[in-house]
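Right, one structure below, let's go through it.
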Amino acid sequence: MARIFIISNRVAVPKAGLQPGGLEVALKATLKKHPCVWLGWSGELSDTPRTQTFTKGRNAYVVTDLGQEDFEEYYNGFANRVLWPIFHYRLDLAEFSRRDLSGYLRVNNKFADELAPMLKPDDVIWVHDYHLIPLAKALRDKGLNNRIGFFLHIPLPPPEILTAMPNHERLIPALGAYDLVGFQTDGGAANFARYLAKELGTPSHLSMALGSGARAMRIGTFPVGIETREFTRAAARAMRTQMVTQLRESIPGALMIGVDRLDYSKGIPARLEAYERFLTAYPQWHGKVTYLQITPKSRSQIKEYSQMAQAVNALAGRINGTYSHASWTPMRYVNRPYSRAALAGFYRVAKVGLVTPLRDGMNLVAKEYVAAQDPEDPGVLVLSRFAGAADELGAALLVNPYDPDSTAAAMARAIDMPLAERRKRHAELYDALLRNDIADWGDRFLAALMGPENGEAQGEALNAFIARRY
Ligand code: ADQ
C-alpha cells in the first residue's frame, strides 16, 4: 500500500488532552485510511536542531527543530511578511528582503533533505500551504519522481498582484514541479492559470496543465469543509454546559458573534466600525444586542499584528465608551482562546454570526457557525463576499467588508430576520455543507493526485513551451 507523506509547516503530533488542530481535522480520514508519515517543524528553536519521530497506530510524525535564523527568515520573514500579505492582496504590508527569501529556500531544502531518504518510489507526497511552495522542486532536483501534490489554504491573487512580488519568477513557476496544485476556489485556480499564461506565455487552452519531462502538472479546486454533523451534535451538547449557560444568561437580548485569529486579513477593525455604524443608525437595538468578539493573539512578534491589537482595543473602548449605560455594554472583546466545544455552543447561542474577512482562503468559522445552529430556530450568517466560503454559502447575507454602512444594514437585517426566511436560508447553507464534508476532502485530493493521467497530453504540449523559455 502506498504511504502518504504529509508535509506542512506545523505537525499535529497527537498528544493526550490536546485539541486537534484545523489541518488534523481536515486530514483525519486520510490519517485513518492510509499509513501516513507527517513531517514538519516541531515548533522548537535550537542551535543544535534535532529531528524526532513519534508513532501512533500506522502513522508516524516526524518533527524537526529550526535554528533561530531559519525561524526569522523563513517563518517570520518570507512566509509571514511577504507571502501572507501579498497572497491576501496586501502589497502595502509586504516587506521583502533577499535574505528572507534565501532563508525560505534554505528551510525548504532542509525539509527536502529530511524527506528524501525516507521515500520509496511509490510513496505519495502531499504538501500543504504557502510555507512550502518550492518543496517539490527541491525534491525533483534530488532526482525524485514520486507523485507530489500541493494544496494552498490561502487565496492566490491575480497575476497583476503576484508579479509585484520581488523574485516571483523564482517561486511561482516552481509550482510546476508538482503533479497537482489544488486551490480553495475556482478563482484561485483561475488566477494561477492566468499567471502561467501571462508569465510563461502558456496558451490559455493549455494553462490548466503544465508539464516538464514526462510529468504533467494539473490544477484543481478542492474547497476545505468541516465535519458538519459532528459539529452540529457538539453544539447541541454544549448548550447544557456551564460555560454556555452562563454566556446565555449574561446577555440581555440577542448575541452577535465574531471568532477570528487576530490577523489583518480577517477585517476585525472594519467589522467594529460597521457595528458602531449599526449602533448609530439603529438606536432601537440599544440595550437589546451584544456583540462578542473572540480573538486570541497571534504572530505578536510582527509589528502589524501588535499595531492591529492596539487598534482593535481602541475601537472596542470607543464603542463601549460611547454607547454603554449602567446595565448594558454593547460589545465584549475577549483575547483568550476557547475549546472547539465551547465555541460550538457560543455559535448556537448567537443570533448572528459575523464573518467579514477582507480576504480569506476559505474561512471555517463561517461553516462552523452554520453547522452549530438549531435548524428549528437558526441564526443568520453575515459573510464577506471575499471569503472563499462565499462561493458555497451564497444563502448567507453576503457583504462587502470595505463598506461599513452596508455591513451595518446587513447586521440590522440579520437580527430582525423572520423565522421562515432564517430557516430557508439555513437549510440551503446546511445542504451546501453536507455536499462538501471534510471526510471526503483528502480522498478527493488524493484521487486526483493518483488518478488517471488526463492532464498528461496537455502537459506534453506544454513541455515544448517551457523548454523554449527555460
Ligand atoms: P485560518 O486563517 O486559521 O486558516 P479559519 O478557517 O477561519 O482560518 O479557522 C481555522 C480554525 O481555527 C477554525 O476551526 C476555527 O474554529 C479556529 N479558530 C479561529 N479563530 C479562533 C478563535 N478565536 N478561537 C478558537 N479557535 C479559533 C487557513 C486559511 C483559511 C482556511 C483554513 C483551512 O486562512 O482561509 O479556511 O486555513 O484551509
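Every read-out reported here was derived from the displayed coordinates using simple, explicitly stated rules and does not represent laboratory data. Everything quoted here is computed from the prediction, not taken from an experiment. With ideal geometry, Cβ positions are generated from the backbone for all residues, glycine too; neighbour counts draw on all protein chains shown.
With the Cα gyration tensor of segment 220-336 giving a ≥ b ≥ c as the square roots of its eigenvalues, does the rule (a/c under 1.5 for rounded; else a/b larger than b/c for prolate; else oblate) give rounded, prolate or oblate? Intermediate values should be presented prior to the final figure.
On the way: a/c = 1.80, a/b = 1.10, b/c = 1.64.
Oblate shape, in that a/c is at least 1.5 and b/c is the bigger or equal ratio.
Which of the lysines could a cross-linker span from Lys33 if the Cα-Cα distance has to be under 23 Å and same-chain partners fewer than 8 positions apart are dropped?
Answer for Lys33, where 23 Å is the Cα cut-off: Lys15, Lys56, Lys120, listed by chain and number.
Once the Cα gyration tensor of segment 1-75 is diagonalised, what are the square roots of 5 times its eigenvalues, in whole Å and ordered largest first, as equivalent ellipsoid semi-axes?
On the way: eigenvalues 111, 33, 27 Å².
The three semi-axes for segment 1-75 are 24, 13, 12 Å.
Out of all Cα-Cα pairs in segment 301-345, roughly what percent, to the nearest whole number, are more than 15 Å apart?
Working: 589 of 990 pairs.
The calculated P(r) of segment 301-345 puts 59 percent of pairs beyond 15 Å.
Through the Karplus equation 6.51 cos²θ - 1.76 cosθ + 1.60, θ set to phi - 60°, convert the phi angles of segment 129-138 into ³J(HN,Hα) values in whole Hz; use x for Gly and Pro.
Values per residue, Gly and Pro as x: 6, 5, 5, 10, 3, x, 5, 5, 4, 4 Hz.
Label segment 325-430 by shape, choosing from rounded, prolate and oblate, from the square roots a ≥ b ≥ c of the eigenvalues of the Cα gyration tensor; if a/c is under 1.5 it is rounded, and otherwise prolate applies when a/b is larger than b/c, oblate when it is not.
Details: a/c = 1.17, a/b = 1.12, b/c = 1.04.
Note, shape of segment 325-430 comes out rounded.
Using a 10 Å cut-off around each Cβ, can you sort His325, His168 from fewest to most neighbouring Cβ atoms?
Details: His325 9, His168 16.
Ranked by crowding around the Cβ, least crowded first: His325, His168.
Could you work out how far apart the two model spin labels at Asp443 and Thr221 are, taking each label as a point 7 Å from the Cα in the direction of the beta carbon, and quote it in nm?
2.2 nm
Rounded to the nearest 500, what is the chain's calculated 222 nm mean residue ellipticity when only DSSP H runs of at least 4 contribute -39500 (n - 2.57) each, over all residues?
-12500 deg cm²/dmol
Asp113 to Arg248: FRET efficiency via 1/(1 + (r/R0)^6), r the Cβ-Cβ distance, R0 56 Å, to the nearest 0.05? Mind dumping the intermediate values first?
On the way: r = 53 Å, r/R0 = 0.95.
E(calc), rounded to 0.05, equals 0.60.
Of Lys266/Lys424; Lys266/Lys367; Lys266/Lys351, which pairs sit farther than 22 Å apart, going by alpha carbon to alpha carbon?
Correct reply: Lys266/Lys424.
Can you give the Rg/Rh ratio of the chain, where Rg is from the C-alpha atoms and Rh is the Kirkwood radius? Mind dumping the intermediate values first?
Details: Rg = 23.0 Å, Rh = 23.5 Å.
Rg/Rh: 0.98.
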